[in-house]
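The block underneath contains the structure these notes are about, expressed in structure tokens.
The numbers here are math on the coordinates, done by the rules we state, and not lab data. Predicted model, so just to flag it, every value in this text is computed and none were measured. Cβ atoms come from the backbone with ideal geometry, glycine included; neighbour counts cover every protein chain shown.
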Amino acid sequence: MQNTDWRESPGHDDAGIMTTIAPTELLAQLQWRYATKQFDPAKPVAAATWAALEEALILSPSSYGLQPYRFVVITDPAVKARLKPLSWGQSQLTDASHIVAFTILKGMGLAHIERFAARITEVRGTPADKLAPYQAMIVRDLVDGPRSRIIDEWATRQAYIALGNFMTACALVGVDACPLEGIEPAKWDAELGLTDHAVVVACAAGHRLDSDKYATTPKVRFAAADLIERR
């Protein structure tokens with residue numbers, strides 16, 4: 001029998017707005033994903049799939065749209081091997097298909113804001129004089145305002161938004177991922193030759209090893225009543 005409940009199928013949501021994935025499918029993929037402990041080094045991520053995931057990184061939202069970060073994608077086995085002892089010896093470093101280092105632009109200031117404004121003009125054709133008030137508002141907040149004193153922390157928050165977006169994108173295309181905070185960021189910076197940017201977190205991506213017991217271990221989450229408040 002044909003499914004007549006359009007709310008359970010891609011097409012429209014409860015308000016009749018177009019959707020591209022069924023709510024049940026979204027939840028199924030989020031249940032499927034986990035912080036993968038063991039990757040299968042014999043199963044690399046397909047090139048077309050990885051290209052889409054890189055685009056997902058680029059499309060990540062950030063405050064003001066400023067993108068105060070850069071993503072370093074690591075596939076070279078030799079580089080991954082050198083990073084492993086700088087990462088608590090975690091096997092994900094050498095077994096995962098790809099490692100992404102999420103880096104922030106250190107001390108982001110006026111130059112980056114001007115570069116972003118120029119990019120808006122390039123992409124949207126918005127005249128520079130029309131952008132001036134928006135640009136001035138950003139400068140007042142991030143360069144002249146109190147947040148200038150914690151600008152690297154602010155940038156780190158933006159990088160973590162990108163990390164969350166990346167892991168969700170991985171789940172939706174059937175790629176396993178594991179966020180990695182157990183790393184020595186300053187030593188990663190040195191290994192990767194970073195000067196203007198600094199690593200704040202990393203993420204391994206690939207395909208799980210069939211024998212990884214954590215793949216079928218139930219997720220431990222607080223009850224909805226403990227986490228969601230409706231008003």
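A few notes on this one:
- Shape of the chain, Cα gyration tensor, a/c cut at 1.5: oblate
- Anisotropy class of segment 133-173 from Cα gyration tensor, a/c 1.5 cut: oblate
- Considering helices alone, the calculated mean residue ellipticity of the chain at 222 nm is -12500 deg cm²/dmol, with DSSP H runs of length four and up weighted by -39500 (n - 2.57) and normalised per residue.
- Three-way shape label, segment 99-231, alpha-carbon gyration tensor, a/c 1.5: prolate
- Model label sites at Ala78 and Arg119, defined 7 Å from Cα along the beta-carbon direction, differ in position by 3.2 nm.
- Charge dipole (debye, nearest 20) of the chain; +1 at Cβ of Lys and Arg, -1 at Cβ of Asp and Glu: 320
- When both segment 160-185 and segment 16-55 are represented by their alpha-carbon centers, they are found 11 Å apart.
- Estimated vicinal HN-Hα couplings, Hz - segment 156-163 in sequence order (Karplus 6.51, -1.76, 1.60; Gly, Pro = x): 4, 4, 5, 5, 6, 4, 5, 4
- At R0 = 45 Å, FRET efficiency that the Cβ-Cβ distance of Ala224 and Ala132 yields, to 0.05: 0.45
- The chain: most fluctuating residue of Lys213, Lys130, Lys43 per GNM, C-alpha cutoff 10 Å: Lys130
- Residue (of Pro133, Ala78, Trp188) at the positive-pole extreme of segment 71-223, dipole from beta-carbon charges: Pro133
- If you run the Gaussian network model on the chain, springs between alpha carbon atoms under 10 Å, then out of Met108, Met137, Met167 the most flexible one is Met137.
- Lysine pairs with alpha-carbon atoms under 17 Å apart, the chain, spacing 8 or more or separate chains: 8
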